[in-house]
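Novice: Next up is a structure, given as structure tokens.
The values are calculated or read from the model by the stated rules, or taken from the named source; none is laboratory data. On a predicted model such as this, the values are computed, not experimentally measured, just so you know. All Cβ positions, even for glycine, are placed from backbone atoms using ideal geometry, and neighbour counts span all protein chains on display.
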Amino acid sequence: MAGNPELSAHIVGTNEFSPGDDVSLPVEVENTGLNQFMIVKSGIISPGDLSSTAKQLTVTLGAGDAPLVVKADPQIAGDLPASQSATAAFHITVNKYAPAGVYQIPVILNYTYLYQANQEGSETLNYQYKSINQTILVPIHIKPQIEIAVSGVHADNLNAGIEGYVNLTVKNVGSDDGQNAVVQVMQSGQSPLVPTEGSSYIGDFPVGAVADCSFRVQVSSDAQQKTYPLDVLVYYKNYEGDYVDSPVETVGVPVGGKVKFSLTPEDVSVTPGGKKVLTYQVQNIGGTTAYNAEARISAIVPFTCNDDTSFLGTLAPGETRTASFEVTTDSDATIKEYGMDAEVLYRDALDNQFTSDPLKANVQVVAPVNPLSVIGIPALMVIILAMLAAAGYGAYLKWFKPR
């Protein structure tokens, strides 16, 4: 008896991959070995194994010099007879910044086969096996593509509840020279950052090129003062003339706090039936500048606003302006403190108009001042007598002064 296994290996399906791919790679091992001779004679025991069978076959995939990681242990294929094949699947991850090119990755085959069978006596057959460790190189092709690295992220007037700009510095660190490239930003999951102008055309984008891009982004009103994710990619024409997207790069964008105002009473006491100008101190306690701001109140009974709007101008964070409102109080108003609703209308740096959260403008209705309660009766008598004396002295000088 003569012959031995003849094993070969190849990748099932495509062997082209892109940087960053995370796939299951099927490797097929085929046995093309044949038994060349078998001696048949009376009195000779026929062996149970064939010399062309690869027994206890184990398949191992290595990375070699390819820019990938194999995330799988050796696969046991068992016995592989001649003219049959077995498939082993391996989980691989191609490096995100893998250079393009053709790489040879090793498929390592470990097995034994029946090398010789010796008959000893009329009833005993002595098997002799040989162990084989065989390495087969199979090619894979890493396709060129653009990979981006965002080296600079700058937020301009980006605060909760308003629009602002995100400025990015994007570099092509991949292996393809993109044409007609467009840098795009997109909302990342449930991030409160939603682009309103999310594309920037940059044209040719060769390997190593750097582009500065600016995007207009809306921030939801419930965002907090912290860093939120934003997805970035490049849409371009690749080396084959097809338009494709680069892998997504997620960056962190800092967001400032929501625009807020405080309203502090300054002179807000009125009397029933009176008219008065109420004054409040309005302060910007938020994280960004409010442009063309104006305060507005809504009158309630027993008040009537003769002028319910007060222009404040531009308020930087921490700045304060005085808001004035002229009100008339009903004559039958109850002596107590009232609260009128107030708000601040303002514009952001992109001239979008917004309205602040509701504010409370407190007003105190007080009783008219009684002079007697202030100076007392004795003092009032002294004042009256002094006034009468002054009047009498004036009359005396007018009529009895010698001429």
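Novice: Are any residues in the stretch 25-58 at pLDDT below 95 and among the hydroxyl-bearing types (Ser, Thr, Tyr), and if so, which ones?
Specialist: Within the stretch 25-58, THR32, SER42, SER46, SER51, SER52, THR53 meet the criteria.
Novice: Another one. Could you please tell me which pairs satisfy a Cβ distance under 6 Å, a separation of 6+ or placement on different chains, a first residue in the stretch 51-62 that is in contact (Cβ under 8 Å) with a residue 40 or more places away in the chain, and a second residue that is assigned to a loop (DSSP other than H, G, I, E, B) and surrounded by 24 or more Cβ atoms within 10 Å (Cβ to Cβ)?
Specialist: Filtered contacts from the stretch 51-62: SER52/PRO5; ALA54/PRO5.
Novice: Just to check your reading of the model, which residue among THR250, THR309, THR304 is under 34 Å from the mean Cα position of the chain (by Cα), over 21 Å from ASN159 (Cβ atoms) and loosely packed, with under 15 Cβ neighbours inside 10 Å?
Specialist: Going through THR250, THR309, THR304 in turn, the sole match is THR250.
Novice: Determine whether the stretch 289-301 contains at least one residue that is on the phi > 0 side of the Ramachandran plot and of a type outside the set (Val, Ile, Thr).
Specialist: Checked against the condition, which is being on the phi > 0 side of the Ramachandran plot and of a type outside the set (Val, Ile, Thr), the stretch 289-301 yields at least one hit.
Novice: Confirm whether TYR113 is touching a residue at least 24 places away in the same chain (Cβ under 8 Å), over 24 Å from ASN31 (Cα atoms), of a type in the set (Phe, Trp, Tyr) and touching a Pro at 6+ places or on another chain (Cβ under 7 Å).
Specialist: No; evaluated as a whole, the condition is false for this residue.
Novice: Can you confirm whether VAL232 is touching a residue at least 60 places away in the same chain (Cβ under 8 Å), in the same structural domain as LEU158 (by TED's automatic domain parsing), under 30 Å from PRO144 (Cα atoms) and aliphatic (A, V, I, L, M)?
Specialist: yes
Novice: Being within 30 Å of ASN35 (Cα to Cα), at pLDDT 95 or above and β-branched (Val, Ile, Thr) narrows it down to one residue among THR93, THR124, THR135; which is it?
Specialist: So the residue among THR93, THR124, THR135 that is within 30 Å of ASN35 (Cα to Cα), at pLDDT 95 or above and β-branched (Val, Ile, Thr) is THR135.
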